[in-house]
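Encoded as structure tokens, the structure appears first; notes follow it.
The values are calculated or read from the model by the stated rules, or taken from the named source; none is laboratory data. Here the structure is a predicted model, which means the values were calculated and not measured. A quick note on method: Cβ atoms are made from the backbone with ideal geometry, for glycine too, and the neighbour counts reach across all protein chains shown. Side chains included, ligands, DNA and RNA excluded: accessible areas come from the protein's heavy atoms. Shrake-Rupley method; radii C 1.70, N 1.55, O 1.52, S 1.80 Å.
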Amino acid sequence: MKEFEKNIRKAEPYVPGEQPQRKVIKLNTNENPYPPAPGVAKVLKEMDTDKMRLYPDPAVGKLVKELADFYGVNENQVFVGVGSDDVLAMCFLTFFNSEKPILFPDLTYSFYKVWAELFHIPYECPKLDEDFRIKREDYYKENGGVIFPNPNAPTSIFEDLAFVEDILTHNQDVVVIVDEAYVDFAGKSAMELLERYENLIVVQTFSKARSMAGMRIGYAIGSPLLIEYLNNAKYSFNSYTMSIPAIDCGVEAVKDKAYFEETVQKIIDTREWAKEELSKLGFWFPDSKANFIFATHPEYNAKELFEALKAHDIYVRYFGGARTKEYLRITIGTREEMEELFAFLGEYMQR
Ligand code: PMP
């Protein structure tokens, strides 16, 4: 190592899923197969580019207000960022500043470990149980903060509000982050608990249920106290995180509740049907409440299956790793895309 390298911050980066630049059946990064709300296209078409001369509103006021109205919270309870990755990274930086280890599951969103390492935050990863469920008792011990996704990724398992509240009651002296990237496909958000737990932060995204992964919008909802701390960190880092198009498009997406509910329901319907098809082919998977299914087959090697699918331009996600190497994570696409997937699998397995 060169002398000047010694003081450089080292990072082992997160590896995002592939984004092939040609048309494939793309079931590998949990994107939404439907376009964003029609109002988003209209905003972009009619955008007055003269306003690009100016910096955007650093407080992202319009979008904060729209989200606050949507969720029935105050504007000082909403923080917006460049995708939930940006929001979560800011949360790690702001809230996880203890000498004690933060806690998150061994099998979860792999970015948590990357941020913990990057920011030199000590961490421990309690093991999920045999059925890939989070063991709540593992989160009763002293710690420097807690984070878990609900539904968890890549397992797709959703825990109810009683479970989330149990973790909160045992962790009132640290910040607890619930990453709800996939909650719209699942059930009740932990936002209901905000009135009782000032140390709770709920993080969501426009990338999944709102079909806007490419626009990069995420948000956190929490107590005014925590949101103020988050904003102080943000303004110490980069005042203008959100571009003008992202702000304007985000507002339109939130306004169209009917479209949002309709596309979410279509994905849930396709998911439930896909579960039946996968079962018929002999796959096993935890009961998914997300927009993806984490599936394994007793007779077929997951890596080989992943490669075979890819060779046919059907992209799913394969992670490797001791506990996940026999699994594929399959994003729910349109009904037609899923039919192509099952046609290929049926042929591959000669069933
Ligand atoms: N949390 C979880 C659990 C995720 O799976 C993802 C998507 N990769 C994210 C957060 C980040 O999504 P985005 O930055 O697109 O909002």
Going through the stretch 178-233 in order, the residues found to be closer than 19 Å to Gly61 by Cβ, within 16 Å of the ligand (Cβ to nearest atom) and open to solvent by 10 Å² or more (accessible area, probe 1.4 Å) are Met215, Arg216
Selection from the stretch 20-33 of residues that are assigned to a loop (DSSP other than H, G, I, E, B) and either touching a Leu at 6+ places or on another chain (Cβ under 7 Å) or within 16 Å of the ligand (Cβ to nearest atom) (or both): Leu27, Asn28, Thr29, Asn30, Glu31, Asn32, Pro33
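Here's a check for you: in the stretch 141-165, which residue that is part of a loop (DSSP other than H, G, I, E, B) and hydrophobic (A, V, I, L, M, F, W, C) is most open to solvent (accessible area, probe 1.4 Å)?
Phe158
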Pairs, first small (Gly, Ala, Ser) in the stretch 104-130, second more than 15 Å from the ligand (Cβ to nearest atom), C-beta under 7 Å, six or more apart: Ala116/Ile102; Ala116/Tyr123
I'm told Asp138 meets every condition in (1) surrounded by 15 or more Cβ atoms within 10 Å (Cβ to Cβ); (2) more than 21 Å from the chain's Cα centre (by Cα); (3) of a type in the set (Asp, Glu); (4) not in a helix (DSSP H, G or I) except one. Can you identify the failing condition by its number? (4)
Expected output for the stretch 148-177 (first residue more than 15 Å from Tyr197 (Cβ to Cβ), partner hydroxyl-bearing (Ser, Thr, Tyr) and more than 11 Å from the ligand (Cβ to nearest atom), Cβ below 8 Å, 6+ apart or cross-chain) is Pro151/Ser288; Pro154/Thr324; Pro154/Tyr327; Ser156/Ser288; Ile157/Ser288
Looking at Phe306, Phe319, Phe237, which one is of a type in the set (Phe, Trp, Tyr), open to solvent by 20 Å² or more (accessible area, probe 1.4 Å) and in a helix (DSSP H, G or I)? Phe306
